[in-house]
Amino acid sequence: MSDIFEIQHDSHLLVFADDIFLYNCGANWNKTIGEMQESLNKISVWCKKWKLATSPEKSSLINFSRKRSTIPPLLKICDKPIPEVKSLKKISWVLSSTPISPGKIILSQKGFKYLNAIKALSSPKIGTRSDHLLNIINAIIRSMFDYGCQLFSFSSNSNRQKLEPIYNAALRLSLGLPRNTPLDLLRAESMNGSINTRHNFLCQKFITKQIALKDWSPNARLFWNINSIFYKYREKEISIFQKTINLLQELCISKADILQWIPPAPIYENRKINIYTHELPFQNNNLPDDIVQNMFNDYIQPKFNNNIIIATDGSKNTNQTSIGILIPKKKIRQNFILKEMISIFTAEAIAIWTALKNWVSETENYIILTDSLSVLKSIQNINRKSNTIILNLSSTLHQCLQIAQSITFIWVPAHKGIGINEEVDKLAKASPEPWNIISWITWEDLLTYFKKQHKIKSEEIWKKSKRHKNYFYISHLEKWNRQAAKNRIQKF
């Protein structure tokens, strides 16, 4: 079916199973109608070529133009007119040509139905715990509102606020609070922010993931093209897409700095790779330090002549996030500074990845030492859902296996006094040269950062509230032993 996508001009084609979705956007009405009709003619020719029948009666035409004086469009397929409709349901989405969103109306109706069920569950006779009710509300009502929130972000602010009363009423029922409970106190008590702010966070997550997927995402051209409609929402209001790009720029992160997702490489088809996590005698944290040191020296000393040993480590503290790489045989001591929001897991993986890219270039046997057990286990269990840094590491490892005789990964227990591990640990914690900078960052680390900032922002709003003085023990950042979490029968 690849030849069906030969649609020119500004028309775009989406195919889902046996359904075809054709759309066009333009400022000139006559030009837009002409391009749509030309595209429909090509689809008609394509159907005749492959001897496929079309049903214009089952097709639908919807006009999203807000101009009152527009001429009703007359589009034909296979010489038969396509009927015009005001709203259209497509793959659980409701598209409408009217300013009032039918999708919001349907969501509100479903929300009220679930609200009646929550009322029954919150009855003192049933005795449902408040924390269980909160989980039910978030799993049913909030998840329903979250679906497709990337497109809800294009709605007006008043339209987005229509879902808030339903969610607030559900929170009051779950916590057993009266109807006149202030919203800031209600959200602090339940540790849940507003639906609007949550949708903004989910949009940020969606955008960063699509940027990381790049060519593997069907939406890649929308996010990598700066002239896309996603970045030209309104004159009075900046879209959440542009706000996210501006936020990344404030953090000194460009779209090119976000590591791209790639398919997992077939590294285990090659017998040159070995990973030891618990097989060696010194890989036991329960043993005394001196015994671990002696066992490690007995194992590693005979291998110094026939192998190139590379020690890597990552360090993260309040001042900096950095990595260190030590190769005694080549007298190489290198450390690099990373971005502050990078996790220690990503830092350890970047240290191994950098060592593979820069110093595994000869036909030799390599031994890579690391004290990050989680990274080695991630390499052992790599799949398409693995962390982006692990996928990139596996791709580089696959290339290095074509050059090296063998590559062996060994987990070394941390803080056991093992000389080479302690040395690379000090190297990672030292201040790198200002030009030794690695700007890579994964979308997973950005998501963690956005989530943390979302909680901090909610906490700041709560602390500025006039009710915080009386309820200072309530926090958005950590749970507290609230009375509402007790059994509702005992409470009443």
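The values are calculated or read from the model by the stated rules, or taken from the named source; none is laboratory data. Just so it is clear, the structure is predicted and the values come from calculations on it, not from any experiment. Neighbour counts are summed over all protein chains in view; Cβ atoms, including those assigned to glycine, are modelled from backbone coordinates with ideal geometry.
So the values come out like this:
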quantity: Scope segment 20-66; condition of a type in the set (Ser, Thr, Tyr), out of contact with any strand residue (DSSP E or B) (no Cβ under 8 Å at 6 or more places or on another chain) and under 12 Å from residue 82 (Cα atoms); matching residues; calculated: 55
quantity: Residue check for residue 62: surrounded by 10 or more Cβ atoms within 10 Å (Cβ to Cβ), in contact with a helix residue (DSSP H, G or I) (Cβ under 9 Å, 6 or more places away or on another chain), among the aliphatic types (A, V, I, L, M) and closer than 17 Å to residue 14 by Cβ; calculated: no
quantity: Failed item, numbered, when residue 292 is tested on (1) surrounded by 17 or more Cβ atoms within 10 Å (Cβ to Cβ); (2) touching a helix residue (DSSP H, G or I) at 6+ places or on another chain (Cβ under 8 Å); calculated: (2)
quantity: Selection count where residues are among the hydrophobic types (A, V, I, L, M, F, W, C) and over 12 Å from residue 261 (Cα atoms), scope segment 384-405; calculated: 5
quantity: Yes/no for residue 154 being within 18 Å of residue 244 (Cα to Cα), at pLDDT below 85 and surrounded by 15 or more Cβ atoms within 10 Å (Cβ to Cβ); calculated: yes
quantity: Scan of segment 51-83 for residues that are in a loop (DSSP other than H, G, I, E, B) and among the basic types (Lys, Arg), ordered by number; calculated: 51, 58, 66, 67, 68
quantity: Some residue of segment 360-368 being touching an Asp or Glu at 6+ places or on another chain (Cβ under 8 Å), surrounded by 14 or more Cβ atoms within 10 Å (Cβ to Cβ) and not charged (D, E, K, R); calculated: no
quantity: Options 449, 473: the member that is at pLDDT below 80 and out of contact with any strand residue (DSSP E or B) (no Cβ under 6 Å at 6 or more places or on another chain); calculated: 473
quantity: Qualifying residue in segment 26-39 (condition: modelled with pLDDT of 80 or more, touching a helix residue (DSSP H, G or I) at 6+ places or on another chain (Cβ under 8 Å) and outside any helix (DSSP H, G or I)); calculated: yes
quantity: Extreme residue, nearest to the chain's Cα centre (by Cα), among residues of segment 185-214 that are without any contact (Cβ under 8 Å) to a residue 40 or more places away in the chain and surrounded by fewer than 20 Cβ atoms within 10 Å (Cβ to Cβ); calculated: 196
quantity: From 262, 253, 337, residue being surrounded by 14 or more Cβ atoms within 10 Å (Cβ to Cβ), aliphatic (A, V, I, L, M), closer than 30 Å to residue 196 by Cα and under 28 Å from the mean Cα position of the chain (by Cα); calculated: 253
quantity: Those residues of segment 8-22 which are out of contact with any Phe, Trp or Tyr (no Cβ under 9 Å at 6 or more places or on another chain), in contact (Cβ under 8 Å) with a residue 12 or more places away in the chain and not acidic (Asp, Glu), in sequence order; calculated: 8, 9, 16, 20, 21, 22
quantity: Neighbours by Cβ (under 7 Å, 6+ apart or cross-chain): first from segment 350-362, in contact (Cβ under 8 Å) with a residue 12 or more places away in the chain; second of a type in the set (D, E, K, R); calculated: 351/313
quantity: Complete set of residues in segment 103-151 that are charged (D, E, K, R), crowded, with 17+ Cβ neighbours inside 10 Å and under 23 Å from residue 87 (Cα atoms); calculated: 104
quantity: Residue 166 vs. criteria at pLDDT 85 or above and in contact with a Phe, Trp or Tyr (Cβ under 6 Å, 6 or more places away or on another chain); calculated: no
quantity: Qualifying residue in segment 103-121 (condition: assigned to a loop (DSSP other than H, G, I, E, B), among the small types (Gly, Ala, Ser), modelled with pLDDT under 85 and in contact with a strand residue (DSSP E or B) (Cβ under 9 Å, 6 or more places away or on another chain)); calculated: no
quantity: Helices (runs of 4 or more DSSP H) wholly inside segment 347-464 that include at least 1 residues being under 30 Å from residue 189 (Cβ atoms); calculated: 443-464
